[in-house]
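The values are calculated or read from the model by the stated rules, or taken from the named source; none is laboratory data. What you are looking at is a predicted structure, and each value in this text was computed from that prediction instead of being measured. Methodologically, a virtual Cβ is constructed for each residue, glycine included, from the backbone with ideal geometry; neighbour enumeration extends over all protein chains shown. Only protein heavy atoms, including side chains, enter the accessible area calculation; ligands, DNA and RNA are left aside. Shrake-Rupley method; radii C 1.70, N 1.55, O 1.52, S 1.80 Å.
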Amino acid sequence: MKKLDQEQKIDLVKIASEVRKWAYTPYSHYQVGAAVLTDSDRIYDGVNIENAAFPVTICAERTAIFKAVSNGETKFQAIAVVTKDGGMPCGSCRQVMVEFSPEMLVIVANENGKIIAEKKLSDLLPGAFGAVSLE
Ligand code: THU
């Protein structure tokens, strides 16, 4: 995996922050924006999309990852996630990301663009269930 420079990280955070306004959150009012950088250096963004049937809600991280995968991208360098307070990605999103790129970088920032956490995904979901278990 290529090492991300500071400029790329700031760029990802900026994009995640910009799309946050499109979050559909009539129930929680907790807006989340995400931007994922593929190995091919493309960026896909995403927001959380809530539903009156609450469990149907999808997180911003999964929206971004699924947009990328549905465009043929399955390897990721990093994802930036922006919320008002720098909340961490949920377990379901960690599991979805692990499927594709366990070593990707997860950058978490608050609404001021301040990076609150920067971790390798494998440190956020150690001992993850993966494809090897199904061999
Ligand atoms: N949410 C995300 O978008 N990503 C996460 O990793 C955690 C939670 C969303 C789901 C829901 O719309 C709102 O935040 C409150 O849970």
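A few remarks follow.
- Å² of accessible area per residue within the chain, as computed with a 1.4 Å probe and no ligands counted: 54 Å²
- Sum of -39500 (n - 2.57) over DSSP H runs of 4+, divided by residues of the chain (222 nm, nearest 500): -8000 deg cm²/dmol
- Under 10 Å, Cβ to Cβ, from D39 - net charge with Lys/Arg +1 and Asp/Glu -1: +1
- Viscosity 1.306 mPa s, temperature 10 °C, Stokes-Einstein D of the range 49-105 from Kirkwood C-alpha radius, µm²/s: 130 µm²/s
- Sulfur and carbon atoms: percent of accessible area, the range 6-127 [1.4 Å]: 53 percent
- If the Kirkwood radius is taken over C-alpha pairs of the chain, then at 20 °C and 1.002 mPa s the Stokes-Einstein diffusion coefficient equals 146 µm²/s.
- Qualifying lysines (Cα of each under 25 Å from Cα of K2; at least 8 residues distant if same chain): K14, K67, K75, K114, K119, K120
- Computed from the C-alpha gyration tensor, the three semi-axes of the ellipsoid equivalent to the range 63-135 are 23, 15, 10 Å, from longest to shortest.
- With the simple model of a label 7 Å out from the Cα in the direction of the Cβ, T25 to K84 spans 0.7 nm.
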